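What follows is one structure encoded as structure tokens, with my remarks underneath.
Readers should treat all values here as calculations from the given coordinates under stated rules, not as data from a laboratory. Predicted model, so just to flag it, every value in this text is computed and none were measured. Cβ placement follows ideal geometry from the backbone for every residue including glycine, while neighbour counts extend to all protein chains displayed.
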Amino acid sequence: MPDANLLVTHDSSHAGSAKEEVEKALKAARQKAKFLKSDIGGVFKLRAANAKKAVKALNKLKKKKGMFEHTFHWVPIDRWVQANVKAMQKEIKKLQKGIGKTEKWKLDLQKRHFEMPSAELIMKLTEAIDKPKVDLDNPKKIIEVQIMGRKAGLALLDKDEILRI
């Protein structure tokens, strides 16, 4: 079974309404995705035909009233690796090649069921990045790290390829 390439966070006390919202939003954006089994509460795992394209389309609908009431973050994932520092650093080293010499970037980290303190983990993960222009407020590129237990989903995203409500 293929891995999820789109994570959608939601209010776990309204999972049914959130699932309907995901289906409605994807339909409005003319995108298709299949729900996969998720073992983490408050996170839907989906397999979309093109997750980045889907999120770009959803970003255009963000201001539409009532469109996003139960979902919070829509995050494409390029690749899954083991949730250990070495494996994540190795993948981040590959992803950073997509950041131009003059482009500003940031690393965005979300972790669930992972013990290492966030500040320490961010320090270790950014050691693998050889790009000088960090911008936490207005980056051109985002290295996304989504840790879910023993697995980590990583992606290199443009600003409009991630949706935050």
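Summing -39500 (n - 2.57) over the DSSP H runs of n ≥ 4 in the chain and dividing by its residue number, what mean residue ellipticity at 222 nm do you reach, to the nearest 500 deg cm²/dmol?
Rounded to the nearest 500, it is -8000 deg cm²/dmol.
Treating cross-link reach as a plain straight distance, find the lysines whose alpha-carbon is under 20 Å from the alpha-carbon of Lys86, omitting any fewer than eight places away in the same chain.
The qualifying lysines are Lys94, Lys97, Lys106, Lys111, Lys124, Lys131, Lys151.
Explain nothing, just the number: relative contact order of the chain, from Cα pairs under 8 Å at least 6 residues apart, as a whole percent.
That works out to 27 percent.
Give the relative contact order (percent, whole number) for region 6-76; include only Cα pairs under 8 Å separated by 6+ residues. Mind showing how you got there, number by number?
Values: 102 pairs, mean separation 35.0, N = 71.
Relative contact order of region 6-76: 49 percent.
For labels at Lys93 and Ala119 in the simple 7 Å Cα→Cβ model, what's the distance in nm?
Calculated label separation equals 2.8 nm.
With all pairs of different alpha carbon atoms counted, what Kirkwood hydrodynamic radius in Å does region 79-164 show?
Result for region 79-164, one decimal place: 12.9 Å.
Tell me the label-point distance for the pair Lys60, Lys133, using the 7 Å Cα-to-Cβ offset, in nm and rounded to one decimal.
Reported label-point gap for Lys60 and Lys133 is 2.7 nm.
Among the aspartates and glutamates, select those whose C-alpha is under 12 Å from the C-alpha of Lys101, and discard any that sit fewer than 8 residues away in the same chain.
Straight-line reach from Lys101, under 12 Å: Asp130.
Using 0.36 nm per residue of separation minus the Cα-Cα distance, give me the extension gain between Asp3 and Val85 in nm, one decimal.
Numbers: separation 82, 0.36 × 82 = 29.52 nm, distance 2.05 nm.
So the extension gain works out to 27.5 nm.
Describe numerically, in nm with one decimal, the distance between label points set 7 Å from Cα along Cα→Cβ at Glu69 and at Glu20.
0.9 nm
Where in region 62-84 does the label zone of Ser13 land, with the point 7 angstrom along Cα→C-beta and an amide N cut-off under 15 Å?
70-71
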